[in-house]
Structures are given as C-alpha cells and as structure tokens.
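Following: one structure in structure tokens, then a few remarks.
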Amino acid sequence: MVVSIEHRLGRLRVCPNQQRPSEGWEPFFTAADGICWDKFSVAGQSQGGGHAALLGIRHRVARVVCFGAPKDYRLAPGAPAAWLRLEPTTPRDRFFALNHLQDHQGCSPAEQLENLRALRLDALGPPVRVDTESPPYRYSIFSQRIIPAAN
C-alpha cells in the first residue's frame, strides 16, 4: 500500500503544475519528478496511521501523526510487526500517536502500545492519558484517551 501512496504522490506532481501553476507547488517536488518528502506531513487513522508510520520510516517527512495506530500486531508470535523495529528515516521526535483505550479494532490498546514501543517512541517519554493530564501533556509524543461510559 505504501508503494501505491508513493506512486500517487508522484503522479500528483503533474496535476497542480498543469492545472494550477500559480499556486506554488514547485517546492514540494524535485525537477527530476521526485517528491520533497521533508515538505510533507503524513497522518492517518487505523490502517492509514500504520501507512503514515511506514512512510515516516521509509522517508524523512516533516511529521508523522498516527490516530488509533499502528495496528500491525502479529498474533501468532504475539509481537509487533517486524517493520516497526526498522530505523526510521524521520527522527522519532517527529512521530506522534493518539490512541483510545477502548479501541479494540484490529488489535488491543496494549498491543498498540507495544507497537509504539517497537518504534521506540517510549524513549522520548512515557505515554500520557490526556484525560488526566493537563496540557502540554508532559510533552509526550504519544497519548491515550479514555471516554467514560454513559450512565
């Protein structure tokens, strides 16, 4: 899927320059039909958040934001997917994650936390519960949210 995203961004280069040449898209693309990845922030929710993280591993981007992600947890060995342990091209302090403790879609909140630890995001600080902490949330790069059940 990431290769598809990379291809689509590369094709995107043609459209703005032809259809909207006055909008200043040139800084986002190289003359050799390449993408200036460091000019892009990537974000996604659930599977898309995993794609954003993988793009941040493969390319140095401005920022990576994962909502409810990454969810690539291998149930048989009980471990995060191997790609989560790759050295990212994007510095880790540019990765951010917001996960919900009641999100059990794809993997459990504990497994998502293991995934974030596999990315070694915990080296920059512990996860923070935004419901019990005050801004700026100890400057944590990943946080969890709890919404109380309705009475």
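Amide hydrogen proximity for R129: with H placed 1.01 Å from N in the peptide plane, the residues at 5 or more positions away or on another chain lying under 5 Å are Q144.
For H104, the solvent-accessible surface computed with a 1.4 Å probe is close to 120 Å², ligands and nucleic acids excluded.
Derived scalar couplings between HN and Hα for region 58-68 equal 7, 9, 7, 10, 5, 6, 10, 10, 10, 10, x Hz in order, rounded to whole Hz, by the Karplus curve 6.51 cos²θ - 1.76 cosθ + 1.60 (θ = phi - 60°), x for Gly and Pro. Taking every alpha-carbon pair under 8 Å whose residues sit at least 6 apart, region 1-142 reaches a relative contact order of 17 percent.
For region 60-118, the dipole from Cβ point charges (+1 on Lys and Arg, -1 on Asp and Glu) about the Cα centre works out to 220 debye, to the nearest 20.
Under a 5 Å amide H cut-off, with hydrogens placed 1.01 Å from N, F96 pairs with V64, V65, C66 among residues at least 5 apart or on other chains. Phi angles of region 120-132 translate, via the Karplus equation with coefficients 6.51, -1.76, 1.60 and θ = phi - 60°, into HN-Hα couplings of 6, 6, 5, 5, 8, x, x, x, 10, 8, 5, 7, 10 Hz per residue; Gly and Pro are given as x. Exposure check, 1.4 Å probe, all protein chains in place: R117 carries approximately 110 Å² of accessible surface. Annotation: amide H of R74 within the under-5 Å range of A79, A81, sequence separation 5 or more or interchain, hydrogens built in the peptide plane.
Pull out the extension gain between R85 and L98, defined as 0.36 nm times the separation in residues minus the alpha carbon to alpha carbon distance; nm, one decimal.
Values: separation 13, 0.36 × 13 = 4.68 nm, distance 1.94 nm.
Result: 2.7 nm gained on full extension.
Here S22 sits with roughly 110 square angstrom of accessible surface, probe radius 1.4 Å. The 3J(HN,Hα) values that the Karplus relation (6.51, -1.76, 1.60; θ = phi - 60°) gives for region 69-81 are, in residue order, 6, x, 10, 6, 10, 8, 5, 4, x, x, 8, x, 4 Hz. Gly and Pro appear as x.
The values are calculated or read from the model by the stated rules, or taken from the named source; none is laboratory data. Values in this document were obtained by computation on a predicted structure and should not be read as measured data. Every residue, glycine among them, receives a Cβ derived from its backbone with ideal geometry; neighbour counts consider all protein chains shown. The protein model used for the area step is the full one, side chains on, heavy atoms only, and it has no ligands, DNA or RNA in it. Shrake-Rupley method; radii C 1.70, N 1.55, O 1.52, S 1.80 Å.
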